[in-house]
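The values are calculated or read from the model by the stated rules, or taken from the named source; none is laboratory data. Remember, predicted model here, so these are calculated numbers, not experimental data. Don't worry about glycine lacking a Cβ; one is built from the backbone with ideal geometry, like all the others, and counts go over all protein chains shown.
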Amino acid sequence: MKIIFYDYFNAADAIRAFFCFKQYEKMYYFNISRLAKFLLISLGLNKQVSLFDFRLSEIKNDLGESYFPKIFGKDLIGVCDDIQKNILDVNTFVDSFAKIFKPNSSEKIKIFFRKLAGKEMKDVVVFMNVISWYCKNSQKASAKVVEFAIEKTLFFNSLKEFAIKECNLTVVSHISFRKILGYCYFFVGNVHVSSVTCLKSIVNLTKKRDAPNKEPLVSSLYTLRGLNFNLTARNDFPWLLLSDIERKQALIYFDRKDMPLTEDMATMLKEQGVNCMAVSDKATTSKNVAVYQPTPRVAKMIIGLTFKALSLVAREMLRRRFISIIFFPAIMHFIRSFAQAYDFYMINGIKVDVDFVDFDPYRIARRLALANAGGVSVSHQLSNWPISNVILGSSADAYFVFGPYYHSKLLASGTCNEAVIVSGFLTDYSFSQVKEKSAKLRKKLLDNGAEFIVCYFDENSSDRRMSIIPNGRSRLIYKYLLNWVLNDKTIGLICSPKRPRTLQTRLSEISGLMQQAKDTGRCVFMGGEYMAENYPTEIGQAADFAISLLIGGTTSLENFLSGVRVIYLDLEGLHSYPEYCKKDLLVFNDLDKLIMAIKDYRLNPKVNDDLGNGSLVPGLKEKDPFCDGRSAERMGQYISWLLNGFSKGKTRKQVMDYANSRYVDAWGKEKVISGVN
């Protein structure tokens, strides 16, 4: 007898199960349609066919190690590498489509399709690992033949090979009306949106426009990290704050309907001399700011590029190669993004664009548009990377990393940059700037009786099955620390939630305990609209010891670099992380032992000097070889060199060569890595 799992169980599968359920001892599904669920009940199969309920946070091997690093740092990358080797690198349509966009677009187009594949394959790869884990740990499944039925996909062969080699699974495919309908919806939706976009741009034919800026501009998209010019608070453009770029050469643009450009934001930017713009009417609530209006050039480009793509599809169809038709809706979206971005850059005289949202495949269209407009795209590392991940791969012309430690992880993720530049931890200027605020925060707790202060940095939690940190685990940690404050009147606690706005909702069961701790005056919760608005180093420098979760690592890296003692807490089981070489000094997987170690340090700091000591962190010097507080200054200076080159009429290649050369002269040959692919 066999066991079968379905990634998505639809109505056709329910009917098929009615006729062949005797072939299987048990049938499971991970997702199901409403009609299929109704049919299961109507046909009396709801006991034979059931949901396989799991939580990724509970999927661990015999040694208690989480599957998370394996899935995202190895398996998904391996599948995407295979897809690129056996499909993208040999597919004539991909190469032909890439030739439409110049210059040097071939590898970046492949990254686009690679990211689309990674997005589509992610859940399936997770499900395969979950099934493999179940087979190893369940006596019912250990001796059975296990099949995994997935929806038909272009990438079936790569998934099938992976399943056999890594998970010992037999993978079969089944027709999915959901995917067919989804494809049709995506196709029709893109036809509609592209048509509307063309019509709007044609309507704007008669509108008067200002002449493009004579001086080249650097633009940056607002991404909710913070809109301020304060060196002690998070913001979206740290590279601008300490550079010699003239503020009038900077343009901050807004495209979020849920976080529009307000009148107050616009006023602040204008007071700073910075240009601002909304990309649509819905991206601003102010009537006094410029709103991007597409020109007829957008319609011309969309129509022209779409017909070129259609001719390529027709040619492939005549050769009986149908891959292109599967890609076509995404290609329409790509073309529209390209055309709108090209028009936006040309209208505003933008020659440099800074955008770190690399996980979005359609960012590649924007970057190719800027290259076609003669400009240079820039991205930068935002957080610590404990593992490689498909979403990290970047298509930016210039990519800034903290240190050489991250170079190999960027390569493994799949990237295509003309230059990778080592600049140091981007917001290291804050280390010295926040000292006064840290002192005030510390004094507040000391004045209320605290004698020893601990700070805690959490990571966002969720009870969704794909979450690695469930709310219950987060609640457990907070409950332990809050009770410590209540039971020991000499302890101060500073909590810095990653998502402050949702903390009370997620952990509502201990809201009363939170309030009791805050009422002592020795417990403080840091706030923020979307994420913690304070830099982690500000909280860390106010404390005697910091506790951070190993799964994150960015807050701990920032604190280590700024001289704060940090202990990692790992309840997730990330045993493959290099920090485990210093277990019970840098990382603890038991909360009781962690708190006891801090208590021992408090009693005798000299004897326990290794506890949380940054000198023990593996590769810390490789993560930031500078440690001088000038990272944002370096990035800003590089961008300034680009702008200066454009001001002199140089080409994009000339300005990049010039900026790279200046950077090498200033900071060393090994700090610029060219031709990364």
Inset, instruction - Within region 46-59, identify whether any single residue is closer than 26 Å to Pro361 by Cα and in contact with a Gly (Cβ under 8 Å, 6 or more places away or on another chain), and answer yes or no. - result: no
Inset, instruction - Take the residues in region 651-675 that are part of a strand (DSSP E or B) and among the β-branched types (Val, Ile, Thr), then tell me which one is modelled with the highest pLDDT. - result: Val672
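Yes or no, residue by residue, for (1) among the hydrophobic types (A, V, I, L, M, F, W, C); (2) more than 30 Å from Asp628 (Cα to Cα); (3) surrounded by fewer than 19 Cβ atoms within 10 Å (Cβ to Cβ):
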| position | (1), (2), (3) |
| --- | --- |
| Ala439 | yes, no, yes |
| Tyr480 | no, yes, yes |
| Asn487 | no, yes, yes |
| Ser508 | no, yes, yes |
| Arg522 | no, yes, no |
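Listed here are the residues, each with its yes/no results for (1) assigned to a helix (DSSP H, G or I); (2) outside the structural domain of Arg114 (by TED's automatic domain parsing); (3) buried (at least 20 other Cβ atoms within 10 Å of the Cβ).
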position: Phe21; (1), (2), (3): yes, no, no
position: Leu35; (1), (2), (3): yes, no, no
position: Leu39; (1), (2), (3): yes, no, yes
position: Ser57; (1), (2), (3): yes, no, yes
position: Gly64; (1), (2), (3): no, no, no
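Take Asn589 and decide whether it is surrounded by fewer than 21 Cβ atoms within 10 Å (Cβ to Cβ) and not small (Gly, Ala, Ser). Break it down into steps so the answer makes sense when it comes.
Values: surrounded by fewer than 21 Cβ atoms within 10 Å (Cβ to Cβ): yes; not small (Gly, Ala, Ser): yes.
So Asn589 passes the test.
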Legend entry - Among the residues listed as Ile164, Ile175, Ile180, the single one being over 27 Å from the mean Cα position of the chain (by Cα) and either under 19 Å from Cys80 (Cβ atoms) or of a type in the set (S, T, N, Q) (or both): Ile164
Inset, instruction - Return yes or no: is Ser432 surrounded by 24 or more Cβ atoms within 10 Å (Cβ to Cβ) and at pLDDT 95 or above? - result: no
Inset, instruction - Scan (1) loosely packed, with under 15 Cβ neighbours inside 10 Å; (2) out of contact with any Leu (no Cβ under 8 Å at 6 or more places or on another chain) for the single condition Trp667 breaks and write down its number. - result: (1)
Inset, instruction - Only residues that are under 22 Å from Phe229 (Cα atoms), assigned to a loop (DSSP other than H, G, I, E, B) and of a type in the set (Gly, Ala, Ser): list them for region 251-296, please. - result: Gly273, Ser286
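Among the residues of region 591-609, write down those that are part of a loop (DSSP other than H, G, I, E, B) and of a type in the set (Asp, Glu).
Listed by number, the list holds a single entry, Asp609.
For every residue, the table says whether it meets (1) without any contact (Cβ under 8 Å) to a residue 40 or more places away in the chain; (2) surrounded by fewer than 22 Cβ atoms within 10 Å (Cβ to Cβ); (3) out of contact with any Leu (no Cβ under 8 Å at 6 or more places or on another chain); (4) in the same structural domain as Asp600 (by TED's automatic domain parsing).
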position	(1), (2), (3), (4)
Gly614	no, yes, no, yes
Pro618	no, yes, yes, yes
Glu633	no, yes, no, no
Tyr638	no, no, yes, no
Asn644	yes, yes, yes, no
Ser647	no, yes, yes, no
Thr651	no, yes, yes, no
Inset, instruction - Considering only residues that are of a type outside the set (Gly, Ala, Ser) and at pLDDT 90 or above, look in region 44-55 and name the one that is surrounded by the fewest Cβ atoms within 10 Å (Cβ to Cβ). - result: Asp53
Legend entry - Answer from Tyr480, Tyr456 - the residue that is aromatic (Phe, Trp, Tyr) and in contact with an Asp or Glu (Cβ under 9 Å, 6 or more places away or on another chain): Tyr480
Inset, instruction - Out of Ser394, Ser377, Ser383, Ser324, report the one residue that is of a type in the set (S, T, N, Q) and assigned to a strand (DSSP E or B). - result: Ser377
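Identify all residues within region 553-581 that are part of a loop (DSSP other than H, G, I, E, B) and in contact with a strand residue (DSSP E or B) (Cβ under 7 Å, 6 or more places away or on another chain); write none if there are none. Walk me through it before giving the result.
If we filter region 553-581 for residues that are part of a loop (DSSP other than H, G, I, E, B), which is where we start, we get 553, 562-565, 570-577.
Once the filter is applied, which keeps residues that are part of a loop (DSSP other than H, G, I, E, B) and in contact with a strand residue (DSSP E or B) (Cβ under 7 Å, 6 or more places away or on another chain), region 553-581 yields Val564, Arg565, Asp570, Glu572, Gly573, Leu574.
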Inset, instruction - Show the residue pairs that are 6+ apart or on different chains and have beta-carbon atoms under 7 Å apart, the first residue being within region 435-464 and of a type in the set (D, E, K, R), the second being exposed (fewer than 14 other Cβ atoms within 10 Å of the Cβ). - result: Glu451/Thr490
Legend entry - region 219-250 - residue that is part of a loop (DSSP other than H, G, I, E, B), among the hydrophobic types (A, V, I, L, M, F, W, C) and in contact (Cβ under 8 Å) with a residue 60 or more places away in the chain and, of those, farthest from Asn275 (Cα to Cα): Leu231
Legend entry - Residue identified as in a helix (DSSP H, G or I), closer than 18 Å to Asn204 by Cβ and modelled with pLDDT of 95 or more among Ile303, Ile335: Ile303
Inset, instruction - List every residue pair whose Cβ atoms sit under 8 Å apart, with the two residues 6 or more apart in sequence or on different chains, where the first one lies in region 399-428 and is closer than 12 Å to Ser674 by Cα and the second, anywhere, is surrounded by 21 or more Cβ atoms within 10 Å (Cβ to Cβ) and acidic (Asp, Glu). - result: Asn417/Asp397; Glu418/Asp397; Ala419/Asp397
